[in-house]
Amino acid sequence: MQGLTNVGKKETPYERAEERVAQLLQQINLKYEAATRGLTGSSAGSAKHSFITARLEQIGVYHEQLASLVGEVQATQLVIELAEQKQEDSTLC
């Protein structure tokens, strides 16, 4: 969705791809956070496992979409960096 400041301005394919990469990284971030919360939640064994598995599978789908935009190596690197940052953030608390 274009903001009011972009009215009448055409978005280039590069800008659209850049925006889509940012959206995918945000979605991966949210799924990673949800999976992490699932580890510490009060759900019982198999329910917890199913919840986390579903989130990780969705991260895989987003990774594939990201790879189609930036390449497999770059997509994997971005996802790893995001996961490492989340790990660092959680150990600071």
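Taking θ = phi - 60°, what integer Hz values does the Karplus form 6.51 cos²θ - 1.76 cosθ + 1.60 yield along region 80-91, in sequence order, with x for Gly and Pro?
5, 4, 4, 5, 5, 5, 5, 4, 4, 4, 6, 7
Using a 7 Å offset from Cα along Cα-Cβ at ARG37, what residues in region 58-86 end up with backbone N under 18 Å from the label point?
Under 18 Å, as judged by backbone N against the label point of ARG37, lie 58-59, 83, 86 of region 58-86.
Read the figures in this text as sums done on the coordinates, not as results from a lab. These numbers come from a predicted model, not from an experiment. Note that each Cβ is placed from the backbone with ideal geometry, even for glycine, and that neighbours are counted across all protein chains shown.
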